[in-house]
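A.B. asks: If you scroll down you'll find the structure; I have some questions about it.
The values are calculated or read from the model by the stated rules, or taken from the named source; none is laboratory data. All values reported here derive from a predicted model rather than from experimental measurement. Here Cβ is always computed from backbone atoms with ideal geometry, including for glycine, and neighbour counts include all displayed protein chains. Accessible surface areas use protein heavy atoms only, side chains included; no ligands, DNA or RNA. Shrake-Rupley method; radii C 1.70, N 1.55, O 1.52, S 1.80 Å.
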Amino acid sequence: MTTKLKIITLILFVGLILNTNVWGYTTVSSDITTGTAVWSGTIYIFNDITVNTGATLIISAGTVIKFNTDAKITVKGYIYAVGTSGSKIYFTSKFSGLGERVATGFTAPGDWGRVEVNGVGEATSVSRGIFKYCDFEYGGDIGYALYFNEPNATNSSVSYCNFKNNYHGNNLEITQADFTEDIEYNTFDNPTGYYEGAKISQSTIAKFFSNTITVNNTSSSDAYFYFYYNYIGADATWAHNSLIKLLGATEIVALKTLTITGPSSRVLFSSRVGSESSDGKITGSGHFTFDNGELIIQSVAGISSGTTAGAIRNSGARTLSTTSKYSLLTPDNGGGAQVTGSGFPTSVGVLEVNNSQNVTLTNGMTISGALKMISGNIVTNSNTLTLGTSTSTLGVLERTSGTIVGNFRRWFAANTVENVNFPIGTATNYLPVDIDWTSAPSTGGTLTASFIASDPGENGLPLTVSSVNVTQCASDGYWSVISTGISGGTYSIDLTADGFAGITDFTKLYMLKRANSGTNWSNSGTHVTTSGDNTTPVLHRTGMSGFSEFGVGSTDANPLPVELTSFTANLVDGKVELNWETATEVNNYGFDVETLRATSDEWQTIGFVQGSGNSNSPKNYTFVDENPLPDSVEYRLKQIDTDGNYSYYSETVKVAGFGIMDVNDNTLPTEYKLSQNYPNPFNPSTTISFALPKTGFVTLKVYNAIGEEVAELVNREMNAGIQSINFDATNFSSGIYFYRISAGNFIETKKMVLMK
């Protein structure tokens, strides 16, 4: 008896379960060629099984189907696997326990192949699969655990199914199938690091409803369903799903409607800058409705009203919710400033901005629920971004980082309130306004705040504030806070003067107030000592009434600085000429000139220009970049005081034309140019840049001091534009080297120095 038990145990371990009388298994190893087969109990799939065209496989509720390694079922006819909530059907590994006499602990994702509904190439080319209350686990070693690839699977459906422990999250794939039935109430659980719950491509999905994804049984906002180039050939509803990631066009045919709804529904219109053709987008002549959930837009064009750009391009009717959430997200490759677009709703429930390259409003926008600033600036231009819709619907601001560059409006009720933030500023500096209503206004309304980055002037100065003499007003800019509908009440206000130049003692700064630019600065309310530091001072005032304009005043303790009135760049004979002018100077030692290359995020100093010390009259300066790098696109000035303090001017200049790429227009160079390597001298590597006005064959070689070729860096066809090649001289000795380019009829040689 002992010997027999050992033999049986060995047979179970290797999966060769043949004794159906002992274990109750039915081993299936041959195809279903005709008629109808019914499976129940526990089925063991020893090798690949095919349900042929015209044949039908019915799997009863409660059936457990165990697969040998790599085994799969291919259905070219029909399969009906319909369980119940209390009696599911399992597609699983031969090692799975499920309460049976099989050793546990041996299961692993990818133990078996897949169930494939695929009639492609058959004479009738019709197959059908119905799966309800099924569990797919430990499969997917040769693709997805459940796979549809059948153009005529018009009545297939997958509902109330669970997908878990499948290899790399290979759960469900649907390709070239027309699902006029439904995919609903399915759950997908992926292993850590795998976020794709299902892949659906080139198909019509009429109903995609309440499908959810977890990663190791934990909810993840990054997990998604991958929709790639699909068609809406029948009215379709996608509702209450975890994130759907669209890549490529989802085309809605004429007279058909795609509706996205449900508060938990999230749809991401994926985008990569430079790969517009594969952007996730809605196209076609049908209709598109979004009435609940979240749309996440990566397209740099946002939502356009036209049909050639942006995330939504259908020519049929569009209905976009004015109470739901819209998110603007950095494109996948990490670059690309966005605009909201002419078709973006002007009223939304929630707006989330998470684009480090910034978002610009095409039109004004009102947010009834919440403004979520995750990263990047919001540029309003002449438009206004409004949070709240009335004195009873104020909206909520959630800010992690980023600045509103332009006009930001907020609603206030007739109540006291603390720490109401206006996160405004410039492209480079965060200059918020914070308001406390210490006594309630008699009527509520709105405040609209903005920062104006221009010299406010010094009308009305000097002025006595808290027994000190305020003699000057910072030229960096001023704040405008305009009230509409609010009357009465007393408030406190904080202003953050981040990056204001010339501040050496922040405690000697004082908030000034005036009605408008044509009136004098005045001393209103009660001064509270400025907090923060010289880089980020925070000015305070209490007991204030009425709103208008606010500036930063100072005693003579803060020189408040060298005032720059202009800064320009021009291309002259292949050289960049920089010109700037100051109106006044205090303790100005001089200027470092810096450039920013397109291939780097670090500014580099390329020269110094002596300042004029102290001056009350305009001074003009010039600097010439004799040999600009082809991929240099921006220049800026670093002003240095005689005591070593310094500040950067927020204004930069960009040059377009020969040898310089314009960051907005991507202008191609008009002639060949070889630039001096940078850095030079170098150790052990350096970058060699060159400009190509047209595509062609290029060679770039390095020679030693006696003319021997020591390295070939380029020997191939290259595209027109700015090109940069790295030369690694780790294995070379110190000395003088020459590099020589040949492109078309252009040949040029330059010298470089390796210094170890």
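A.B. asks: Condition first: open to solvent by less than 20 Å² (accessible area, probe 1.4 Å), assigned to a strand (DSSP E or B) and on the phi < 0 side of the Ramachandran plot. Now tell me which residues in the stretch 415-444 satisfy that.
C.D. replies: Listed by number, the residues that qualify are Val420, Phe422, Ile424, Val433, Ile435, Trp437.
A.B. asks: Tell me which of these Asp70 doesn't satisfy, since it passes every other one: (1) farther than 21 Å from Tyr167 by Cβ; (2) modelled with pLDDT of 90 or more; (3) in a loop (DSSP other than H, G, I, E, B).
C.D. replies: For Asp70, the exception is condition (1).
A.B. asks: Among residues belonging to the stretch 286-308 that are over 20 Å from Gly376 (Cβ atoms) and among the β-branched types (Val, Ile, Thr), point out the one that is surrounded by the fewest Cβ atoms within 10 Å (Cβ to Cβ).
C.D. replies: Restricting to residues being over 20 Å from Gly376 (Cβ atoms) and among the β-branched types (Val, Ile, Thr), the top hit is Thr308.
A.B. asks: Then there is this: Return yes or no: is Gly376 open to solvent by less than 40 Å² (accessible area, probe 1.4 Å), more than 19 Å from Ser221 (Cα to Cα) and in contact (Cβ under 8 Å) with a residue 60 or more places away in the chain?
C.D. replies: Answer is no for this residue.
A.B. asks: Could you tell me which of the residues Gly425, Gly489, Gly445, Gly457 is touching a Phe, Trp or Tyr at 6+ places or on another chain (Cβ under 7 Å), within 17 Å of Gly551 (Cα to Cα) and touching a residue at least 24 places away in the same chain (Cβ under 8 Å)?
C.D. replies: Details: Gly489 fails: within 17 Å of Gly551 (Cα to Cα); Gly445 fails: within 17 Å of Gly551 (Cα to Cα); Gly457 fails: touching a Phe, Trp or Tyr at 6+ places or on another chain (Cβ under 7 Å).
After ruling out the rest, the residue left standing is Gly425.
Here is a yes/no grid of residues against (1) at pLDDT below 85; (2) loosely packed, with under 14 Cβ neighbours inside 10 Å; (3) among the polar types (S, T, N, Q):
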position	(1), (2), (3)
Gly590	no, no, no
Leu596	yes, no, no
Glu602	yes, yes, no
Gly607	no, no, no
Gln610	no, yes, yes
Asn614	yes, yes, yes
Phe623	no, no, no
Leu629	yes, no, no
Val633	yes, no, no
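A.B. asks: Go through the stretch 495-542 residue by residue and tally those that are assigned to a loop (DSSP other than H, G, I, E, B), open to solvent by less than 40 Å² (accessible area, probe 1.4 Å) and over 28 Å from Ala440 (Cα atoms).
C.D. replies: 6
A.B. asks: Next question. Sort out which residues of the stretch 108-132 are open to solvent by 20 Å² or more (accessible area, probe 1.4 Å), polar (S, T, N, Q) and modelled with pLDDT under 85, and write them in order of number.
C.D. replies: Thr124, Ser125
A.B. asks: Could I ask something else about it? Only one of these conditions is not met by Ser275: (1) out of contact with any strand residue (DSSP E or B) (no Cβ under 7 Å at 6 or more places or on another chain); (2) open to solvent by 60 Å² or more (accessible area, probe 1.4 Å). Which number is it?
C.D. replies: Against the list (1) out of contact with any strand residue (DSSP E or B) (no Cβ under 7 Å at 6 or more places or on another chain); (2) open to solvent by 60 Å² or more (accessible area, probe 1.4 Å), Ser275 comes up short only on (2).
A.B. asks: Any idea which residue in the stretch 543-563 is most open to solvent (accessible area, probe 1.4 Å), counting only those that are touching a Gly at 6+ places or on another chain (Cβ under 6 Å) and not in a loop (DSSP other than H, G, I, E, B)?
C.D. replies: Taking the candidates together, the pick is Gly543.
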